[in-house]
Amino acid sequence: MTNTNPQQLPGLSQRRRLLDRATRHVVGAGGVAVICAIALIMGYLIWVIVPMLAPSSIKHIGTYSQRVDQTLYVATDDTFETTTLIRSDGVVEFRDTENFEVIQESRVADGSIVSVKPIFPSSDSYAALVDDQKLVFFRVAHVVRFIGDERSIENSATTLFEDSTIELTDVTQYDVFRSDTTLRVALLHNDGSLVVHEYTDVDDYFELEEPRQLALPPWNRSVEDTEIILGPRGRWLYEIDTSNGAYRLLNIASIRRAGDIHEGLLASEDDQFISATPVLGRYSFLIGYQSGDLEHWSLTPSEDGTILRRIREFKYRESIAKVVTEHRRKGFLAIETDGLAHLGYTTSHRTLATIDLEQLPKVIEFSPRADRLIAVRENSIDVYKVVNKHPEISWSTLWGKVGYEGYEEPVHSWQSSSADTDFEPKFSLTPLLFGTIKAAFYAMLVATPLAIMGAIYTAVFMSPGMRKLIKPGIEIMAAMPTVILGFLAGLWLAPIVETHLTSILLLIIVLPFGVLICAFLTTFLPRVVSARFDGWYAALSVPILVVLAYLTLSNDAWLSNLIFGMDAKLWFYEKAGIDYDQRNALVIGIAMGLAVIPTIFSISEDAIYGVPQHLVHGSLALGATRWQTLVRVVLLTASPGIFSAVMIGLGRAVGETMIVLMATGNTPIMDINIFQGMRTFAANIAVEMPESEVGSTHFRILFLTAFVLFALTFLFNTVAEVVRQRLRSRYGNL
């Protein structure tokens, strides 16, 4: 026994108080640091997200008095330094955007231009109908050059195809499409005949060769009121009767073989059709009406073939006189007859800003980046600044069903990018939320019973010697990198599950049944033998479980024929209408369950093992069995810790990235089917953040995804803490 000098006690007590105080301050500072770190993360996420929610605006920034009465079309370069005016006298005029003075002129046609159209889908090449009935092609370019440190822009307007022109006869309407190697020209003649000229192997610097001509069936409509528009990839042709909104849709490619023609009406009986303006990609149109309605119609497959179908509408005060669309997005400017203009976006179904133009301009166009509007009147040019960086976002596009171009009905969809420049981004977070919950649900379905039952057996029934081996071994599994589990699940486990699907499903029944067999067999052991192996029965059951699993897996074909009469995947597809993907939620449940089990097991086992022994001994002394003591005393006392373990495991499953990324199809679909894959919030961020453009809508939505994931985890943890405190207050005094 150590003797302590009474004179030293005050000093020792003071040192202990100082140590306790210092410890409290250090722990408190650590807690504050954690809270500050979380607050900073949240603040940064919000800082990135908020600009996406900023309102749009249109502001008039200048009027320039210029003689521009001959202007047929107006365009600008990307940086809004040069404005291009295409005049009716065949001259392309370049003006400086600072004061709109002429800086250069180039002639592209010898006669007078009747009309000019951009060659679809480019924005720098044009086709012009000249008064002597010929079609000329030219390109406008703005090339930035550096000579030393001096920057300059070289503007040019050059004819294409070695000055080749197309001689026309009695043509009233035309439209032009060009791909990398093909030029397709649609011509409507005065007699109603419709002909498509197709030039192959075209090159800017070589003459056009003799075209292949395709005569399309004539339409019994007034030629003066008919407008023709080539559609997506030049494979479709729209004919629209501008007097009443009737339309005819022709699939040029299939007409050569069997014929594909559909007729319909874009206007109702109680509203007068005004105009049809194609949206980017020409998969859809904005239809203006006398009443002020503006409807969005899209190409949609149906039982009768491909048709135009209305998917949304915008309502304004006065008749829609003109609609101007953006060059690179699905945005538009709808102008009423009195000059009131509305900036809108089709996908988000929003009217973003409104401005009074005072009168309807002769020509008005967006700049390529849609940050300026150029309005040309008889003797002036007006410039408007447009602030509209993230028009795609609305509550409905993030969480609701949206009618997208080409879809038969509104859907939840995530598709942020495509190789097609006409692509309509789809930013619904609902499939990602669904995938996150689905992955976590199946993982917890596998992990929770195994982990909790294992914890109960380890803490209550397992021998101390075996517990010293098992518990550290399972806890070490928590340190295994999840990328390894994902790798094994994707390349090793998924093929096994696919080829042995019947056996895998049967193991859910066979293995628990094997445990019951082991338990039943132990009842026949002599008391001397059973006492010696008390607490080691789990080790004895392992060989039996391995043999059962081997026999089940090795007889998969026989079991499949016995139960289903055919291959299991084929039976699910034909009888239940369930598709099977190799990397699916079943694989995720097994792989991610193995990743979550160590966390739930360790915390639950500590909670159960930490139940005061006097409670256990008191229950046994009163005559309760070990199982009664477990159910009525131990589990109730340990319930706060067990619940915390489950919720921490759930948070772990919700935030898992690599396993989901590598072991599932990573497709953002909404299907509860266990044989289908999914995409989660975390996997989506990991996949798409490296390819997103900083500051873009896609970039900010990924941060919004991170914020939602953060909030979801915070919600789970908050609920877990509230429930844990209630369980502790209820059962903590047992």
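A few comments on the model shown:
- The residues of segment 607-632 that are outside any helix (DSSP H, G or I) and surrounded by 21 or more Cβ atoms within 10 Å (Cβ to Cβ) amount to a single one, Val611.
- Subset of segment 341-359 (residues that are buried (at least 17 other Cβ atoms within 10 Å of the Cβ) and over 30 Å from the mean Cα position of the chain (by Cα)): Ala341, Ile355, Leu357
- Counting the residues of segment 310-347 that are in contact (Cβ under 8 Å) with a residue 60 or more places away in the chain and more than 22 Å from Thr76 (Cα to Cα) gives 4.
- Any hit, segment 529-540, residues being assigned to a helix (DSSP H, G or I), within 22 Å of Thr599 (Cα to Cα) and without any contact (Cβ under 8 Å) to a residue 12 or more places away in the chain: no
- Count of segment 389-416 residues, restricted to those that are under 17 Å from Phe699 (Cβ atoms), of a type in the set (A, V, I, L, M, F, W, C) and in a helix (DSSP H, G or I), is 1.
- Scanning segment 279-304 for residues that are out of contact with any Gly (no Cβ under 8 Å at 6 or more places or on another chain) and either in a loop (DSSP other than H, G, I, E, B) or farther than 26 Å from Val176 by Cα (or both) turns up Val279, Tyr289, Gln290, Ser291, Gly292, Asp293, Ser302, Glu303, Asp304.
- The residue pairs whose first member lies in segment 243-255 and is at positive phi and in contact (Cβ under 8 Å) with a residue 60 or more places away in the chain, whose second member is assigned to a helix (DSSP H, G or I) and open to solvent by less than 10 Å² (accessible area, probe 1.4 Å), and whose beta carbons are closer than 9 Å, counting only pairs six or more residues apart or on different chains, do not exist in this structure.
- Here Gly677 passes the criteria (1) open to solvent by less than 10 Å² (accessible area, probe 1.4 Å); (2) without any contact (Cβ under 8 Å) to a residue 40 or more places away in the chain; (3) part of a loop (DSSP other than H, G, I, E, B) except the one numbered (2).
- Meets criteria (more than 25 Å from Arg728 (Cα to Cα) and in contact (Cβ under 8 Å) with a residue 24 or more places away in the chain) for Ile603: no
- Test for Tyr580: is it closer than 30 Å to Met658 by Cα, without any contact (Cβ under 8 Å) to a residue 12 or more places away in the chain and either assigned to a helix (DSSP H, G or I) or open to solvent by 10 Å² or more (accessible area, probe 1.4 Å) (or both): no
- Test: residue in segment 712-725 that is touching a Pro at 6+ places or on another chain (Cβ under 6 Å), assigned to a helix (DSSP H, G or I) and not hydrophobic (A, V, I, L, M, F, W, C): yes
- Of all residues making up segment 632-664, the number that are under 10 Å from Thr680 (Cβ atoms), out of contact with any Gly (no Cβ under 7 Å at 6 or more places or on another chain) and in contact (Cβ under 8 Å) with a residue 60 or more places away in the chain: 5
- Scanning segment 494-513 for residues that are at pLDDT 90 or above and either more than 19 Å from Asp567 (Cα to Cα) or among the charged types (D, E, K, R) (or both) turns up just one, Glu498.
- Close contacts from segment 354-368, counting a first residue that is assigned to a strand (DSSP E or B) and a second that is modelled with pLDDT under 90 and surrounded by 14 or more Cβ atoms within 10 Å (Cβ to Cβ), with Cβ to Cβ under 7 Å and a gap of 6+ residues or different chains, come to none at all.
- Taking first residues from segment 122-136 that are without any contact (Cβ under 8 Å) to a residue 60 or more places away in the chain and partners that are of a type in the set (D, E, K, R), the Cβ contacts under 6 Å between residues at least 6 apart in sequence or on separate chains come to Asp124/Arg139; Ser125/Arg139; Ala127/Lys117; Lys134/Glu167.
- Unmet criterion (only one of (1) modelled with pLDDT of 90 or more; (2) surrounded by 13 or more Cβ atoms within 10 Å (Cβ to Cβ)) for Leu551: (2)
- The strands (runs of 3 or more DSSP E) found wholly in segment 213-278 include none carrying at least 2 residues that are open to solvent by 50 Å² or more (accessible area, probe 1.4 Å), touching a helix residue (DSSP H, G or I) at 6+ places or on another chain (Cβ under 7 Å) and at pLDDT 90 or above.
- Residues that are under 21 Å from Val74 (Cα atoms) and open to solvent by 50 Å² or more (accessible area, probe 1.4 Å) were ranked within segment 372-416; the one that is nearest to the chain's Cα centre (by Cα) is Val387.
- Any hit, segment 630-652, residues being on the phi < 0 side of the Ramachandran plot and touching a His at 6+ places or on another chain (Cβ under 8 Å): no
- Checking segment 597-606 against the condition returns no match, with no residue being aromatic (Phe, Trp, Tyr), modelled with pLDDT of 90 or more, part of a helix (DSSP H, G or I) and surrounded by fewer than 18 Cβ atoms within 10 Å (Cβ to Cβ).
- Residue in segment 142-160 that is crowded, with 17+ Cβ neighbours inside 10 Å and not in a strand (DSSP E or B) present: yes
The values are calculated or read from the model by the stated rules, or taken from the named source; none is laboratory data. Since the model is a prediction, treat every value here as computed from it, not as a measurement. Note: ideal-geometry Cβ built from the backbone for every residue, glycine included; neighbour counts use all protein chains shown. Each accessible area value is taken on the protein alone, full model and side chains, heavy atoms only, with ligands, DNA and RNA left out. Shrake-Rupley method; radii C 1.70, N 1.55, O 1.52, S 1.80 Å.
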